[in-house]
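Structure first, commentary second.
The values are calculated or read from the model by the stated rules, or taken from the named source; none is laboratory data. Predicted model, so just to flag it, every value in this text is computed and none were measured. We place every Cβ from the backbone using ideal geometry, glycine too, and count neighbours over all the protein chains shown. For the accessible areas, the whole protein counts, side chains as well, though only heavy atoms, and no ligand, DNA or RNA atoms are used. Shrake-Rupley method; radii C 1.70, N 1.55, O 1.52, S 1.80 Å.
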Amino acid sequence: MNAALKLCIAIICAFLLTACFGENYDFSPPTVLVMDPSSLEDEELTETNIDWDSDEHYKKTTDDYVTFANSLEALQYEAEQQLTIEFDSQDFAISELLVSVWKNGEKTELELRDDRSFHLPAEPGEYILEVELVSDTGEAQYVGNILLK
């Protein structure tokens, strides 16, 4: 009986250890979402320039990201609408997070609050939304084409 008990304990330990080795964590750059807090709808921004070093190195370069962003489908919002930046995961420490808009070749930085919310410009028109993330594991840039009504 003593041998059967030892065998059962060994089998249980083997199953427990196997479960630990089977886990797979993803430390790739996060997906960035722009969320409308009033409707809880979100839109995904597109990665343009990535230099991210975690479980593996991720690198992507887009030379003219403003032109690239103009080719994306326009996301429609109201002028002065409040939006929030969200990440699909956050296994990194944020050093800097900047939100800007481009219009007619001019870049305007938007005020980003502690809760990651910001207001879109007051003037209707077409803009490029840019989010720049600097973290302890690298840098990432995301863009979106937005149309303000």
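For the chain, report the accessible area per residue in Å² (1.4 Å probe, heavy atoms, rounded to an integer). Walk me through the intermediate numbers first.
Values: 9300 Å² over 149 residues.
Value returned for the chain: 62 Å² of accessible area per residue.
Rounding to the nearest 10 and keeping the result within 0 to 90°, find how far the Cα-based axis of helix 2-21 lies from the longest principal axis of the chain.
With both axes taken from Cα atoms, the answer is about 20 degrees.
How high is the relative contact order of segment 71-149, in percent, counting Cα pairs under 8 Å that sit 6 or more residues apart?
Values: 157 pairs, mean separation 32.6, N = 79.
Worked out over segment 71-149, it gives 41 percent.
Per residue, how big is the convex hull around the C-alpha atoms of segment 62-105? Give it to me in cubic angstrom, could you?
In segment 62-105, the Cα hull volume divided by residue count equals 151 Å³.
Per the Kirkwood formula on distinct C-alpha pairs, the Rh of the chain is how many angstrom?
Taking the inverse mean of 1/r over all distinct Cα pairs, the chain comes out at 17.7 Å.
Using DSSP to call loops (not H, G, I, E or B), can you name the GluC sites (Glu not before Pro) in segment 22-109 whose Cβ has at most 12 other Cβ atoms within 10 angstrom?
The qualifying sites are GLU23, GLU56, GLU73, GLU78, GLU80.
Take the solvent-accessible surface of the protein heavy atoms, probe 1.4 Å, and return the percent of it on segment 75-149 that carbon and sulfur atoms account for.
Summing carbon and sulfur atoms, their accessible area is 40 percent of the total for segment 75-149.
Note down the net charge around ASN104, summing +1 for each Lys or Arg and -1 for each Asp or Glu among other residues with Cβ under 15 Å from its Cβ.
Net of charged neighbours comes to -2.
Please give the calculated 222 nm ellipticity per residue for the chain, where each DSSP H segment of at least 4 residues contributes -39500 (n - 2.57) and the sum is spread over every residue; nearest 500 deg cm²/dmol? The partial results should precede the final answer.
On the way: 2 runs with 26 residues, N = 149.
Dividing the helical sum by the residues of the chain leaves -5500 deg cm²/dmol.
Could you give the dipole magnitude of segment 94-141 about its Cα centre, charging the beta-carbon of Lys and Arg +1 and that of Asp and Glu -1, in debye to the nearest 20?
So the magnitude is around 140 debye.
Size of segment 93-149 along its principal axes in angstrom, Cα-based, largest extent first?
That gives 36, 22, 15 Å along the principal axes, largest extent first.
What relative contact order, as a whole-number percentage, does the chain give when Cα pairs under 8 Å and 6 or more residues apart are counted? Intermediate values should be presented prior to the final figure.
Values: 277 pairs, mean separation 39.8, N = 149.
Reported relative contact order: 27 percent.
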